[in-house]
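Shown next, in structure tokens, is the structure this report addresses.
Quick note: the coordinates plus some simple rules give every number you see, no bench work behind them. This is a predicted model, so every value here is computed, not measured. Because the Cβ atoms are built from the backbone with ideal geometry, glycine has one as well, and the counts that use them run over all protein chains shown.
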Amino acid sequence: MHRINIVSESFLKFKTSKYFGFLVLVVMTLFFWGFFRLLSPSNFGTSRLVISYFQTSIQYAVGGCGLYFIVVMGLFDFSVGANIVLSSLVGVLLSRQFGYWGLIFGCLLCGTLIGAFNGILYSRLRIPSMIVTVGLMLILESVANYVVTLDKSGFPGKLSNSNILAFGHAPWNYLAAGIAFLLMVFLLRFTKTGTYCNAIGSDELVAKNMGVNVERYKFIGFVLLHFFVGIMALLTVSYGRGMLAVTGMSSMDRNFKPLMGTFFGVAFKKYGCPVTAIVLGEFIIIMIFNGLVALNVPTTINDFVTGAVLLTIVSLTNRGLKGSVVK
Amino acid sequence: MKKLLSVILVLGLACTVVFAAGNKKPLIGVSIWSSTDTLGSQCKRILDAAAQALDVDIMYVDQGHVSEKVTGSAETLAAAGCDGMIICNSASAEMNAVINTCTKDKMYVAQFFRIIDKTANPNEYQLACQSPYYVGAVHEGEIDNGSNLIKILAAKGCRKIALEGWNSGDATFLLRWKGYKQGVETWNKAHPQDKAVLLDPQYGGTTSDTGRSTAEAIINANHDVDALIVAGGGGDTLIGALAAIDSMGLKGKIKVVSTDFLADLDQQLASGGMAAESGGHYADPLFAFMLVYNAIKGNYHKPAGSFYEVLFPYLYVASSQDYDAYAKYFVTDLPYNAKELSAMAKLSEPDLAKKAAALSIQDVMQRRK
Amino acid sequence: MSDVILRSENLYKHFGITTAVNDVSLEFEKGEIHGLIGENGSGKSTFCSTLCGIYPISSGRFLLEGKELRVRSQVEANRHGVSIIVQEMGTLPGLTVAENIFLGEEDKFMHGVVKNTGAMNREAQRLLESYGFKHIIASKMIDNYSFEDRKLIEIIKATYFTPKIVVVDETTTALSQSGREELFTVMDRIKNGGNTVIFISHDLEEVIDHTDRISILRDGSLVGTVKSSETSADELKRLMVGRELTNRYYRTDYGQSVSDEIVLSVDNVSVPGEIQDISFRLHKGEILGIGGLSECGMHETGKAIFGASYGRKGSVTLKGGYEVKSIPGAIKHSIAYASKDRDTESVIIANSIRDNICLPSLADMSNHALLNNGKLDSFAKKFAELMSVKMTGIDQYVSALSGGNKQKVVLSRWLGKDSDILVLDSPTRGIDVKVKADIYALMSELKARGKSIIMISEELQELLGMSDRILIMKDGRINGEFIRNQNLGEKDLITKMV
Amino acid sequence: MDNPSAAATIKRQKTHIFLRGLISFFGFIGIVIVFSILTNGRIIRPDNLSLMFSQVYVLLIASMGVFLIMTVGGLDFSQGSILGLASIIFCWVSNYSIVLGVIAAVLAGAAMGAFNGFFHVKFKIASFIVTICTMYFFRGLCKYITTNGPVPASTNVMMLNETWFKLLLTGIMLLLGFIVWHFTRVGCDLRAIGAGETAARFSGSRPDLLKFLVFMVSGAITGFASFINVIKVGSITGTAGSQLETQILIALVLGGMPISGGAKARFPNIIIGTLTYCVLEMSLPMVFPIPATQQLVKGIIFLIVVALTIDHESLRVIK
């Protein structure tokens, strides 16, 4: 009897430690891996393939990290996709003159500036983030189309020159993503920003009363988000060797892949390992995609499965309390 | 802040007055999936040239091949007072609403890259025949094109062929897919001892990163494929697919064919990234444009109970030399200059069709001599 | 050791017309634990809130070490060395323990933008251990800890920077015995550090045992200050009460019998963590008062009767034999409820008076599910005017109304519904004398019309003045019952409350 | 209190509410005027109105559903996918009977809406998270079904492609919506829940039940809209209805709908909003020949209209 108590005690202790969340994530990853591995052992989940899945997933994970800052505060940003497109194109444009530096700084700087712009507009106009970013999404998308026309290289928006593609493959894409993840961990653990974003998220008014400058940190949140989006743009454009300027809100689709990772992150926040959750979450999603192809299921069903998996995970982890008001 | 925004608005609208200046020129609308992607921008380029040469006003509506937007675009153009429009629809059934709109608003219409399938959509076909405003359709022999590509691949010794499309259920893709299947059948009939297989298609969207991830998934799932068909998607899908193969170090091992020309095709062909390309079809809308233009001018009177059908040839490029020529006359330059364009506008419909059929790299070379 | 550290001079605090703090001049000495007692609404919490900048001062001033102290927020107060441990939750979920402790005070760990989290956690852990809360780990998410542990963490947050003044506001009610001991050791430590604790509690024994001096407030004004060593619980009780009953607006009738027709019977109702095994009967035309300390569970009892509390056990049965299980059911069978938390549970702040009044009665006013808006307007108008709500029109938003008028809106809503059983939780809380009088008059009238009322109140003289019968609750149970009569005094009630 | 300042604030609030009711309407009028000038009065030519309308129908009907959801403070991003899937189901059934088809589509829509509502209410997950998940969920099915080609509707469906018919259906739906909103307790209850869920609960309305129903109903409404969608389109591809949710959001916001829902939700928001949106959609291409420019201007106008019409009082904490 007493022993059992001790056991349950120590289990409880463990259950609340960050290792528990980490364990759950690893188990989930292994589960999906094993699932598809069993169904199609021949062409899924060998070490080589797993690596290639991971390579694909990291770019979305970077975006997911950025979105975490905003989503955790209860805000949202629809202009992420549009910013990816615009920043990439600016990066490509600058890379024509300045090579890698142009590419890198084009993406990161443009991304961050847009973030600042969003933040200012949000706090100045005092419009809910969801609305203001929809408007910005429309604007950024069309601006991207003008940027393309500035590209006179004959390959508008494409990284045709094969010696500027380093970030499209190992090791440089890992390096960039790795830096992003470390930065994320750093921001969350070793700066006020992470703390304050969480505080604002859990109760804006109390946080204000504790002396948190809410407006300021929401702004910072936007800037950080779009800085990470800049990194994601760098990875995406290198990965796809080019970017396509779109119209008609089609950039919206780009919002959601990173967002899935963010959902994971938010879900595992209470275990104190959001970044791991984001990275592994995106990895799981990409793995599902590849698994389906391996099973020769048309990728058209992919969205269906992704949606189902997300919904399950969210409803297992993100539940509200009874009687709590959820909008 | 609000003040500032209002100022922006006023400025924005002020500059519009320039556009808004009233005009009596004929106005032709273009309903296209996207006027900004690789293929779409090429189409826009040649259409703008034609419009300028013929002193016609031209306006674009992007409908992203979303059915309701396609039918909507026709209404938008009609409302804008277009005298005629050319459209690249996504499913044939949409043409029903489109043609009705055009008939009601006396706006001539011609399809490009598309034609209504007589057997699959008999009603739409009938409607098209009856409507005095449906001028005709310009389209490629998608099926032949499909089987041609397979022939090329098979000849290069490919036996396991993967297929990457863009959006599921797209009319053109379905035709090309049919073509590939036919090609494989004919080959297997001819060589029962070494058959070729065509995998089911996966869909890579129209952007290069999705194109790459899908291609990677395909190749990861079937490491023994020796050929990949990127059926289309405007070029970016192909770029992505090539990136995938390149990064997996399979360049040249997996032969890639596609129906979208790339800006850097020469390098790709030289480096073995690409096996062969059919394409150059961006001039297709030009002929649809000509049909409508002449219909508006009253030069063409469409045959009763039927409509004009212009078959547009694919250009095939299998070597970097071919491509250099193509690049010279089709990329840096347009296949028709202003003079030729205005001349073309005066042709009778059959001659126009001939002109279209005759278009090839050599053809342009001769004209440029 | 009798040198004054904090002094309040002629301090006033008004809420609208009500005066919560009335000309209080108090002195707190260095290194003392100063008890502050008084029954609910006597203004002790308000007094401390003005000290900590939660409410602005109406007039008068605080002098901290001779210098005037005027703060606008808790943070500012902390900077001046004044901190408060409040009744309700003051920690933020989603943050680690350490982050919570140092929220807003990270600067001492910042090197430029870099926060030395390791040092912060170590510091927090050191504090936790120095306070003797070894079972709490600084680096963990606060979500993992119980309500009580979070309170302890709050205590650290409020005291680690050795403030000159620490206000402990009814914190003990949230703590178990062991928790209380922890708190008292902390208080003693602060005292021995030459600083001052202001200790607010309802538990008189506790106050006497752990304070040096005790000040008694009544109706916002200071009754007196006594040495803890020289006083007794009974004396304190006497001082707390002993008010001449200003009963001109209460009922004056006594000894008239209530009909013994039972309209509502509550049997063994329990709500986990709130109330245990409550049973009583309500008669036709009876005003049943329920009193006690704020956390004694009386408010939850009201909710439970109305079918609003989650996980309720036991049964609430009406005359007809109907068992109340849900709010709509309760309303349908003509039970009305006015919550203590008026702004979130009674009126819909961001909505029009019209909608607020009509909402419960919509079902009655619609024939074949069709509403007649004209009817709604006239309905709302009629009852709003019956209650003489001060408004520009029924389209006005409730948010623009004063507390009293909000309560009037609530009551006119239930008048319109013509409910037979009214559960009124703190009906006159924060309401000026005039509206109070109206409400009492209304209650008497309703009683006369044979309606039954359950009045849950923290104001003793209100209970004495209005109820036919009074139930006193303590720690979630019924602890005493009194029948209306003249010589029933607040003292009798308080003995059962604390 | 009856001191003058309070009275003044009350006055101000009254006039403010009154103006807010109209400001989005002014916005609409303003946009119409500006663009009739820019297009030399082309957009207000009578023969263009029917064209204009034929783009309104689907958006208008679908917006009604989302209007209800937003009134209780929720959001729905799965609308487009619901439209697509419901359309497919209609196409299938229409080959047997069009009436059955409509019923099937409505039921399917209701089912999908109920699915959203269930997860939102039962598990207390924020509606926008749930609907983003289900957006993928339904869209996936939609694409999967259309893998081998568009799903064609029965050919007699196209016969119904008459302005008067579509106008009639939309009119009926609007009328129904208006009646339900104004002459049943639904409107009152939903506004109350949006304004203050707890208080509404204590006033006898059933937030959880109503929220669930609202999602279901809005699904059903979109299901009905899919009927008109198919009438216009004739066959359904995998992309059918993409971005409808965003169009609805933009339209409603343009119509003055407070995104946090609550008491300030007014039925005309739907009509004004969708009309404004469609006027923009129609007239921008006339004025600007290049799609990119069209969208740029659309974005700017959207932001300005919102900035001018947004109501800060009702949002204490801006999310």
- Query: Within straight cross-link reach of residue B:328, meaning Cα distance under 19 Å, which aspartates and glutamates are found once same-chain residues fewer than 8 apart are removed?
  - Reply: B:260, B:264, B:266, B:277, B:284, B:340, B:363
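Rounded to the nearest 20 debye, what is the charge dipole size of the stretch D:57-289 about its Cα centre when +1 sits on each Lys and Arg Cβ and -1 on each Asp and Glu Cβ?
Once rounded to the nearest 20, the dipole reads 380 debye.
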- Task: Just tell me which lysines come within less than 22 Å, Cα to Cα, of residue C:319; anything on the same chain fewer than 8 places away is out.
- Result: C:284, C:303, C:332, C:417, C:447, C:451
- Note on the structure: Amide H proximity to residue C:35 below 5 Å, modelled H, separation 5+ or other chain, gives C:199, C:212, C:213, C:214, C:215
- Item | Cα-only Debye scattering, the stretch B:143-280: base-10 log of I(q)/I(0) at q = 0.13, 0.17 Å⁻¹ | -0.46, -0.81
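What translational D, rounded to a whole number of µm²/s, comes out for chain C from Stokes-Einstein when the hydrodynamic radius is the Kirkwood one over Cα pairs, at 25 °C and 0.890 mPa s? If you can, show how the numbers build up before the last one.
Numbers: Rh = 24.7 Å.
In µm²/s, the coefficient is 99.
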- Query: What do you get when you divide the Cα radius of gyration of chain B by 2.2 N^0.38 Å, with N the number of residues?
  - Reply: 1.04
- Expected sort for B:330, A:304 with the fewest Cβ neighbours (10 Å cutoff) up front is A:304, B:330
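Using 1/(1 + (r/R0)^6) with R0 = 25 angstrom and r between the beta carbons of residue C:105 and residue A:216, what's the FRET efficiency to the nearest 0.05?
On the way: r = 17 Å, r/R0 = 0.68.
E(calc), rounded to 0.05, equals 0.90.
Which is the longest part of chain C that has none of the GluC sites (Glu not before Pro) sitting in a DSSP loop with at most 10 other Cβ atoms within 10 Å? Don't skip to the answer; put the middle values down first.
On the way: sites that count: C:88, C:244.
Maximal segment without exposed cleavage sites: C:245-498.
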- Task: Mind telling me which of A:141, A:215, A:282 comes out most flexible in a GNM of chain A, alpha-carbon contacts under 10 Å?
- Result: A:215
- Over the stretch A:63-255, what relative contact order in percent results from Cα pairs under 8 Å that are six or more residues apart? 44
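Based on the alpha-carbon gyration tensor of the stretch A:216-327 and its eigenvalue square roots a ≥ b ≥ c, which shape applies: rounded if a/c is under 1.5, prolate if not and a/b is larger than b/c, or oblate?
Details: a/c = 1.76, a/b = 1.11, b/c = 1.58.
Oblate is the answer for the stretch A:216-327, as a/c is 1.5 or above yet b/c matches or exceeds a/b.
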- Most fluctuating residue given options B:90, B:258, B:213, as computed from a GNM of chain B linking Cα atoms under 10 Å: B:213
- Item | Rounded, prolate or oblate (a/c below 1.5 giving rounded, otherwise prolate when a/b exceeds b/c) for the stretch D:152-194 by Cα gyration tensor | prolate
- Enter the Cα centre distance for the pair the stretch B:96-115 and the stretch C:102-118, rounded to the nearest angstrom. 68
- Message: Contact order normalised by length for the stretch B:143-280, with contacts defined as Cα pairs under 8 Å and 6 or more residues apart; what percent is it?
- Response: 26
- Item | Selected from A:26, A:206, A:80 as most flexible by GNM, with chain A as the system and alpha-carbon contacts under 10 Å | A:206
- Message: Are there any chymotrypsin sites (Phe, Trp or Tyr not before Pro) in the stretch D:81-170 that are in a DSSP loop and have at most 12 other Cβ atoms within 10 Å? List them by number.
- Response: D:96
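Of the listed pairs C:381/D:264; A:152/B:44; B:25/D:232; D:143/D:298; A:257/D:143; C:164/C:227, which have alpha-carbon separations greater than 25 Å here?
Working: C:381/D:264 20 Å; A:152/B:44 16 Å; B:25/D:232 31 Å; D:143/D:298 29 Å; A:257/D:143 18 Å; C:164/C:227 21 Å.
Over 25 Å apart, Cα to Cα: B:25/D:232; D:143/D:298.
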- Item | Along each principal axis, Cα extent of the stretch C:4-240, largest first, Å | 52, 36, 32
- Task: Run the numbers on the stretch D:57-289 and let me know its relative contact order in percent, using alpha-carbon pairs under 8 Å that are six or more apart.
- Result: 39
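Counting other Cβ atoms within 10 Å, keep those with at most 16, restrict to DSSP loop, and tell me which trypsin sites (Lys or Arg not before Pro) in the stretch B:35-116 are left. Walk me through the numbers on the way to the answer.
Numbers: sites: B:44, B:45, B:69, B:104, B:106, B:114; in loops: B:106, B:114.
Taking the stretch B:35-116 and a limit of 16 other Cβ atoms within 10 Å, the loop trypsin sites (Lys or Arg not before Pro) found are B:106.
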- Taking a straight Cα-to-Cα line shorter than 22 Å from residue C:157, and setting aside same-chain lysines fewer than 8 residues away, one finds A:192, A:208, A:270, C:30, C:108, C:115, C:134, C:140, C:191
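Could you tell me what percent of the DSSP beta bridges with both partners in the protein assembly as shown are antiparallel, to the nearest 5?
Numbers: 51 of 124 bridges.
The antiparallel fraction comes to roughly 40 percent.
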- Task: Whole Å is fine, so just give me how far the alpha carbon centre of the stretch B:297-369 lies from that of the stretch B:246-289.
- Result: 21
- Item | Cα centroid separation - the stretch C:181-250 against the stretch C:409-450, whole Å | 34
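What trypsin sites (Lys or Arg not before Pro) in the stretch A:235-299 are in a loop by DSSP, with at most 15 other Cβ atoms within 10 Å of the Cβ? Before the final figure, lay out each step's value.
Numbers: sites: A:241, A:254, A:269, A:270; in loops: A:241.
For trypsin sites (Lys or Arg not before Pro) across the stretch A:235-299 that sit outside H, G, I, E and B with at most 15 neighbouring Cβ atoms in 10 Å, the list is empty.
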- Total charge of the residues flanking residue A:245 in space, meaning their Cβ is under 13 Å from its Cβ, with Lys and Arg +1 and Asp and Glu -1, is -2
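How do A:101, A:33 rank when sorted from fewest to most other Cβ atoms within 10 Å of their own Cβ?
Values: A:101 11, A:33 18.
Neighbour counts put them in this order, fewest first: A:101, A:33.
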- Which Cα, out of D:207, C:38, C:324, lies furthest along the positive dipole direction of the protein assembly as shown (beta carbon charges, K/R +1, D/E -1)? D:207
- Message: Within a 10 angstrom radius of the beta carbon, how do B:118, C:115, B:339, B:251 rank from fewest other beta carbons to most?
- Response: B:339, B:118, B:251, C:115
- Note on the structure: Using alpha-carbon positions, the gyration tensor of the protein assembly as shown gives root eigenvalues a ≥ b ≥ c; with a/c under 1.5 called rounded, otherwise prolate if a/b exceeds b/c, else oblate, the class is prolate
- Item | Set C:408/D:124; C:13/C:67; B:178/B:302 screened for pairs whose C-alpha atoms are more than 22 Å apart | C:408/D:124; B:178/B:302
